[in-house]
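Take a look at the structure set out below.
The values are calculated or read from the model by the stated rules, or taken from the named source; none is laboratory data. Only a predicted model underlies this, so the values are computations on that prediction, with no experimental measurement involved. Every residue, glycine as well, gets a Cβ built from its backbone with ideal geometry; the counts of neighbours run over all protein chains shown. Just so you know, the surface numbers come from the protein's heavy atoms only, side chains and all, with ligands and any DNA or RNA stripped out. Shrake-Rupley method; radii C 1.70, N 1.55, O 1.52, S 1.80 Å.
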Amino acid sequence: MASYSSEEEEEEELDYTNDPVWADVTPLPQDDGHNPLAQIAYSPEYTIAMSYLRAIMAANDHSPRVLNLTSDIIGMNAAHYTVWGYRFKTLMSLDRSQTLEDEKIGWSWRQELEWVQSIAKRYEKNYQIWHHRQLIIDHLDDPTGERAVTGEMFALDSKNYHVWTYRQWLVQRFQLFDEEELAATASLLEEDVRNNSAWNHRYFIVLGRLGEAGPEEGVVERESELAKEAISKAPQNPSAWNYLKAVLRKGGIELATLKPFCESFAPILSPDEIKSSHALDILSEIYDEAGDSVKAEKALELLASKFDPVRKNYWRYRRRLLGSKPTPASDTPTIQATA
Amino acid sequence: MADINPSSTTLTSSEPPPPKPRATFEKQRNIKYWLRCLRTLLPTEYTSNDLNRTSLAFFCVNGLHVIGELGNLTKPEEREEWISWLYSCQIPSGAGFRGGPATDLSDKRSPDNEMWDPPTLPGTFFCIITLLSLGDDLARINREATLEWVASLQRSDGSFAEMRTGAEELEKDHTLTRDPRFIYLAAAIRWILRGEEGSLSRETKDIDVDQAVRYLQSCEAHDYGFGSRPGAESHAGHVFCVIAALSLLGRLHPPKTPVSYPIGLPHPEKTIHWLVSRQQAPTDIEHEDFKIDSHISPPPPSFPAQTSNNGFNGRDNKRPDTCYSFWVVGCLDLLKKSHLVDAESNREYLLENTAHIIGGFGKVPKAPPDVLHSCLGAVSLGISREEGINRVDSALCTSLQTRERVEGFEWRKKKVAA
């Protein structure tokens, strides 16, 4: 029987019609009716493989040959959710009968994970691959090496949403809210301070744990310093500003404490020195909360007319809202910052 | 030039340059694009959408429909055949539609294997909207069975499964997908088929709306956007699903007096801020090494940023992309705030940067057109009432006419005893 492993062999075409392995299967062709919508120019290889898949699924066949068939189809359509589910069920059934790793099949969960990673690199924007990986790692109950696997993906695209979703699951499932995770986000932010996914993940690690009490001592200070440093390097980076605001909110520190910091990027009396629209935006809020409507209006007008004119309708809408601050939501208590 | 005759109408360097001609929506090219998609094979690259072929059907039919030409330029026989094809995707019990014919086990289908050929929420939503666009009245849908199947997909936390599959028993609670997309699709199907209470032929189990709303609210991220689950990064696609789902569940706009059930966005003004912040111009299309699938962060916009050709991105510090012109403006439209964006700048991005010479829209500048971006680009322009495009309904991503037809169906209205 053909091996399920190496990439070269995987590229080898399966010969369903002549290989005796498939001789007992009557392929089930697709019925597309008379004048279908959205008919796709399938490759002949895909058409044949899918006809065998339908026949195999109709018979609930979970024998080892299913691994060849499903990997063949995944190579042509990695977003085929049914085939991934069918493959996983087959793997589990072989695992339960303790035949997965015997000589005849010669496959293992580790080989499966390597193969999955090779597919992930070929089809970066794919959800199913990561869900499959998640099911396997959950079943093996062992996250060893998994952070490195996601790291390889971040080297290709450090904002890959599916990979970040998987990473969050990994952290939660195996309680990896640790120094290594913190260092990983720091290093990604070092590479690209505008990586919003890395900022979000940092928030998730440091402050986003559900059902947890307030942050530990020093954390809010450490994280706001990190954000402030990042802002100094790139004052127009929305990710760092959003992080800073969220950290303060979580720490119960009033926005008003940011006034000197923001004014250093946006002195409204010296518009030529303004370096950040985000600082102006926050200042308008701070001035408004302090009842200084003149300055608040000035900040919003600078945004509308000069520093962020594409949003001028929005900034003028904000001007109309001045003085009408809604009461703070119950989940964002404000307490005075301690010196 | 001092010696120029002041009465001359010739342009000279002392006069301002002529204004750039305003780009127009090339309707004829778009018609050609859609008719080609509808009447010839889609290229092999669409194979990755094979399991959601009904979504491709939706984009093709809806694309021609929102520009107002479906009824004029296709033949009644054609539309009948397409309607038949869509109904062939309905599973035999009448409780939902599969995502496409790829898993159809036809006469081999049995209670033992039907879990490999399941109805899905996307398949059901796309088939229903496409049927409506084609003029069908949904009479061949078993409303009660479909609604009960939708309700059966909901979990105790309020989230929904995309479908029931044969591998489901191998999942654990924490490995299940539970993103806002499936709540949106369930809410849309429910809105269309359920109608007013008491219009169904028998008592039909409903979804738990309160729990669905609570789950949607829990997906709010630290920057007031929404992600695929609690803690996930804000993403405009998920924000759309949250806002459109709340809208279709009748839970987007809180009434003036407090209510005892969950309603609305947790921080609506902050989410509006997040949404308008998505508007941005591409910053690297002139670069030599520009690649449409480049993963390197795009260079930041200049400061202050340019006012022309601002499309929308889906997350902070990402490139603008045609589809977000719909996901973002559609959200603001549902919140009655679409006037807060720069519609003219968005129009420039779509018509000057991503509209393609052969019709349709690409994902980003210089990209070939595809059916998703071509449809959503047109719907985005429809929100700002572009000439040549019908009025649209953002919640259902289709023409306003379709929504009004649904609202007028007698079978949706409560039967009043004579």
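Take every residue in peptide B:229-241, count the Cβ atoms of other chains within 10 Å of its Cβ, and give the average of those counts.
Taking the mean over all residues of the peptide, I get 4.
Residues of B:104-117, mean number of Cβ from any other protein chain within 10 Å of their own Cβ, rounded to a whole number?
What the average comes to for B:104-117 is 4.
Give the separation of the Cα centroids, segment A:100-177 to segment B:355-379, in Å.
First find each Cα centre; the distance between them is then 33 Å.
Could you work out which residue, out of B:His273, B:His222, B:His174, moves most in a Gaussian network model of chain B, that is, has the largest mean-square fluctuation with Cα springs under 10 Å?
Evaluated over chain B, the most mobile residue of the options is B:His174.
Expected output is a single nm value to one decimal: the length gained when fully extending between B:Ser110 and B:Glu77, i.e. 0.36 nm times separation in residues minus the C-alpha distance. What is it?
Full-extension gain reported as 8.6 nm.
Any idea of A:Glu225's accessible area? Nearest 10 Å², probe 1.4 Å.
100 Å²
Would you mind checking the tilt of helix A:238-250 against the longest principal axis of the Cα atoms of chain A, expressed as 0 to 90 degrees and rounded to 10?
Approximately 80 degrees, to the nearest ten.
As a quick test, which of the pairs A:Lys245/A:Lys298; A:Lys159/B:Lys336; A:Lys250/A:Lys295; A:Lys104/A:Lys159; B:Lys363/B:Lys413; A:Lys228/B:Lys336 have an alpha carbon distance above 29 angstrom in this structure?
Long pairs (Cα-Cα over 29 Å): A:Lys159/B:Lys336; A:Lys104/A:Lys159; B:Lys363/B:Lys413; A:Lys228/B:Lys336.
Expressed as an acute angle from 0 to 90° and rounded to the nearest 10, what is the orientation of the C-alpha long axis of helix B:371-383 relative to the principal long axis of chain B?
Once rounded, the angle reads 70 degrees.
For A:Glu273 and B:Lys366, FRET efficiency with R0 = 35 Å and r from the beta-carbon atoms, rounded to 0.05?
After rounding, the FRET efficiency stands at 0.40.
Report A:Met92's accessible area, 1.4 Å probe, all protein chains in place, as a number in Å² to the nearest 10.
Ignoring ligands and nucleic acids, A:Met92 comes out at about 20 Å².
So, R0 is 41 Å and r is the distance between the beta-carbons of A:Asp19 and B:Thr40; what FRET efficiency does that work out to, to 0.05? Kindly include the intermediate steps, with their values, before the conclusion.
Working: r = 34 Å, r/R0 = 0.84.
After rounding to 0.05, the efficiency reads 0.75.
On C-alpha positions alone, give me the angle between the axis of helix A:219-233 and the longest principal axis of chain A, in degrees, nearest 10.
With rounding to tens, the tilt is 90 degrees.
Using the basic label-point model (7 angstrom from Cα toward the beta carbon), what is the B:Ser260 to A:Lys295 distance in nanometres?
Each label point is offset 7 Å from its Cα along the Cβ direction, giving 4.6 nm.
So how far apart, in nm, are the two label points at B:Glu169 and A:Ser324 if each is 7 Å from Cα heading toward Cβ?
Distance between the two pseudo-spin positions: 5.8 nm.
Just how far, in whole angstrom, is segment A:293-316 from segment B:11-88 if you go by their alpha carbon centroids?
Cα centres, segment B:11-88 to segment A:293-316: 39 Å.
By accessible area of protein heavy atoms, probe 1.4 Å, what ranking do B:Glu162, A:Glu45 get, highest first? Could you put the intermediate results ahead of the total?
Values: B:Glu162 50, A:Glu45 75 Å².
Sorted descending by solvent-accessible area, the residues read A:Glu45, B:Glu162.
Could you name the lysines whose alpha carbon sits less than 23 Å from that of B:Lys20, not counting residues in the same chain fewer than 8 places away?
Partners found: A:Lys306, A:Lys312, B:Lys366.
Can you work out the FRET efficiency for the pair A:Gln175 and B:Arg22, with r the C-beta to C-beta distance and R0 = 60 Å, to the nearest 0.05?
For R0 = 60 Å, the calculated efficiency reads 0.55.
Roughly how many Å² of B:Ser260 are accessible to a 1.4 Å probe, to the nearest 10?
Here the accessible area works out near 120 Å².
For chain B, modelled as a GNM with alpha-carbon contacts under 10 angstrom, which of B:Gly94, B:Gly166, B:Gly237 fluctuates the most?
Looking only at B:Gly94, B:Gly166, B:Gly237, the largest GNM fluctuation is found for B:Gly166.
Could you identify which residue out of B:Leu246, B:Leu216, B:Leu105 has the top mean-square fluctuation in a GNM of chain B using Cα springs shorter than 10 Å?
Residue with maximal mean-square fluctuation among B:Leu246, B:Leu216, B:Leu105: B:Leu105.
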